[in-house]
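Just below is one structure, and these are the notes that go with it.
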Amino acid sequence: MKAMVVSDFMIAKKYLIQQLITASIVGVFIAIMLETPYVVAPAVGVMIPFSLSIVILSLDERADWQQFRLALPLTRADIIRGRYASLALISLAGVVGGLLVTFLLVALAHAVPSVPQLASLLVDYSWQAIAFACVASLVIILLMLSLIMPLFSRFGMTKGVRYLPLVVVFAVVIGFQVGGNSVPAELLSNVGNLLETPAGTAAVAAGTLAVVAALYAASAALSVKLYAKREL
């Protein structure tokens with residue numbers, strides 16, 4: 001499992017700076033256009049790990065690394081678990097990158113308040129909201145990985161992409177149905193009230209991350225079973 005994490009990081013580091021620059025430009029542009037710094041962390045925190053995960057999965061097939069890897073003292077379960085671990089660490093790195101870019105943008109806005117596009121970012125902003133935006137970006141990317149990894153584990157990158165739109169559509173429809181019909185309005189109101197305080201925000205963030213971590217672990221378990229049946 002450790003060997004998988006190391007190999008994935010060796011691939012990721014080659015593209016990290018490029019992806020960080022691209023994601024930062026996109027995040028800053030959206031922030032200036034929408035006049036809010038809260039979108040920077042999700043933009044950077046989602047784009048970087050998602051892009052790197054696609055790169056890692058693509059190189060597996062293009063370089064035939066997936067077949068060579070089976071000759072190493074690694075079980076198929078080790079391969080999947082190691083990949084999930086490496087993608088989770090890359091996701092955390094993306095969140096840190098998003099927070100860093102947000103900090104630099106806000107610092108620039110404080111340093112040059114005469115620029116209207118930057119000054120607008122300082123209106124009604126709070127570090128509590130920015131911290132929650134970082135958590136939201138981690139939740140989003142882990143949910144995305146939980147959705148696509150079983151598909152790619154079973155069919156591979158090339159074939160899996162064909163089924164990805166169908167899976168995404170079903171996931172969105174089911175999500176809206178569950179969210180719209182199963183979540184009481186009172187619960188949403190209580191969550192909204194909790195988000196108004198730092199302690200409440202921390203509680204909501206911790207609870208959400210716990211649920212997503214459980215889904216991520218369940219996705220990993222499913223991927224282990226699917227990868228065991230895959231012919232390479």
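From the list Ser114, Ser91, the lone residue that is modelled with pLDDT of 85 or more, of a type outside the set (A, V, I, L, M, F, W, C) and either open to solvent by 60 Å² or more (accessible area, probe 1.4 Å) or closer than 28 Å to Pro49 by Cα (or both) is Ser91.
Within segment 53-84, restricting attention to residues that are among the hydroxyl-bearing types (Ser, Thr, Tyr) and within 17 Å of Val6 (Cβ to Cβ), which residue is most open to solvent (accessible area, probe 1.4 Å)? Show your work before the answer.
Of the residues in segment 53-84, the ones among the hydroxyl-bearing types (Ser, Thr, Tyr) are 53, 58, 75, 84.
When the remaining residues are screened for being within 17 Å of Val6 (Cβ to Cβ), the result is 53, 75, 84.
Values: Ser53: 2, Thr75: 73, Tyr84: 7 Å².
Ranking the qualifying residues of segment 53-84, first place goes to Thr75.
Only one of these is farther than 25 Å from Phe152 by Cα and not hydrophobic (A, V, I, L, M, F, W, C): Gly94, Gly45, Gly27. Name it. Exactly one residue qualifies, and that residue is Gly27.
Please verify whether segment 52-75 includes one or more residues that are farther than 23 Å from Thr158 by Cβ, among the charged types (D, E, K, R) and either under 15 Å from the mean Cα position of the chain (by Cα) or at pLDDT below 90 (or both). Checking segment 52-75: not a single residue is farther than 23 Å from Thr158 by Cβ, among the charged types (D, E, K, R) and either under 15 Å from the mean Cα position of the chain (by Cα) or at pLDDT below 90 (or both).
Would you call Ala119 more than 17 Å from the chain's Cα centre (by Cα), small (Gly, Ala, Ser) and at pLDDT 80 or above? Answer is no for this residue. Exactly one residue among Ser223, Ser153, Ser137 is farther than 27 Å from Gln66 by Cβ, modelled with pLDDT of 85 or more and not basic (Lys, Arg), and that residue is Ser137.
Quick check on this structure: which one of Leu166, Leu143 is at pLDDT below 90, closer than 25 Å to Val224 by Cβ and either outside any helix (DSSP H, G or I) or not basic (Lys, Arg) (or both)?
Values: Leu143 fails: at pLDDT below 90.
Answer to the selection: Leu166.
Residue count for segment 141-174 under the criterion of being within 15 Å of Ala217 (Cα to Cα) and surrounded by fewer than 18 Cβ atoms within 10 Å (Cβ to Cβ): the result is 3.
Residues in segment 94-111 that are more than 20 Å from Val55 (Cβ to Cβ), in contact with a helix residue (DSSP H, G or I) (Cβ under 6 Å, 6 or more places away or on another chain) and not hydrophobic (A, V, I, L, M, F, W, C): Thr102 only. Any idea which residue in segment 117-136 is most open to solvent (accessible area, probe 1.4 Å), counting only those that are among the polar types (S, T, N, Q) and in a helix (DSSP H, G or I)? By that ranking, first place goes to Gln117.
The values are calculated or read from the model by the stated rules, or taken from the named source; none is laboratory data. Note that the structure is predicted; figures quoted are calculated from it, not measured. Note that each Cβ is placed from the backbone with ideal geometry, even for glycine, and that neighbours are counted across all protein chains shown. Remember, those area values only see protein heavy atoms, side chains included, never the ligands or the DNA or RNA. Shrake-Rupley method; radii C 1.70, N 1.55, O 1.52, S 1.80 Å.
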